[in-house]
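Trainee: Handing you this structure, nothing more for now.
Bear in mind that the values in this text are calculations on the coordinates, not laboratory data. Note that the structure is a prediction, hence the values are computed from the model and not measured.
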Amino acid sequence: MQNLKIVVLAILLNGLVCSNASAASGNELNGYCEGLNGGDDVPRDQSAVDSVKCMYYVEGVIDANVLGGRDVCFPEDFTYRQAALIVKKYLEDHPEKLQLRASLLVKEALKKAIRCPR
C-alpha cells in the first residue's frame, strides 16, 4: 500500500512540478487547494482531482523532511488533510507570497500554525 501511495504521489507531483522547468509556485498550489473543504464531502469534478493534488503535494513536502528541525510538532492524530487545510488558509491569507516556491509556503504555513512547545 505504501508503494502505491508513493507511485500516485510521484504521478501527481510530476504534473504539478514538471509542467515547466521551474519549481511549483504558490499560485499553482493555491489553484489546486481552492476546492479543498473542511468537511468530509468529496467533490465529484475536477476540483476533486485538484484537491488530491493539493493534499499529496503537502504530504510530499512533509514526508521529504523539508520542514527539518523541531519547529513543527504534529499531534499524534494529525492528518495530511488537516495540514493541507492549514496551507490553503495560509495561501488565502498571504496572496502577496504566491509567487514563492510552493514547498517554502507549505513549510511557512505549518511552522506558523503548529509550533513545538518550548
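Trainee: Can you compute 3J(HN,Hα) from phi for each residue in the stretch 25-34, using the Karplus curve 6.51 cos²θ - 1.76 cosθ + 1.60 with θ = phi - 60°, rounded to whole Hz and x for Gly and Pro?
Mentor: Coupling constants for the stretch 25-34: 9, x, 4, 5, 4, 4, x, 6, 7, 4 Hz.
Trainee: Still on this structure: In whole Hz and in residue order, list the ³J(HN,Hα) couplings for the stretch 74-82 that follow from phi through the Karplus curve 6.51 cos²θ - 1.76 cosθ + 1.60, θ = phi - 60°; x for Gly and Pro.
Mentor: 3J(HN,Hα) across the stretch 74-82, in whole Hz: 6, x, 4, 9, 6, 10, 5, 4, 4.
Trainee: Where a Cα-Cα gap under 17 Å defines reach, which lysines qualify for residue 97, not counting those fewer than 8 residues away within the same chain?
Mentor: 88, 89, 107, 111, 112
Trainee: Please turn the phi angles of the stretch 57-62 into ³J(HN,Hα) values with the Karplus equation 6.51 cos²θ - 1.76 cosθ + 1.60 (θ = phi - 60°), one per residue in order, whole Hz, x for glycine and proline.
Mentor: With the stated coefficients, the stretch 57-62 comes to 5, 4, 4, x, 5, 5 Hz.
Trainee: Which cross-chain or sequence-distant (5 or more) residues have an amide H under 5 Å from the amide H of residue 25, H modelled 1.01 Å from N in plane?
Mentor: So residue 25 has HN proximity to 102.
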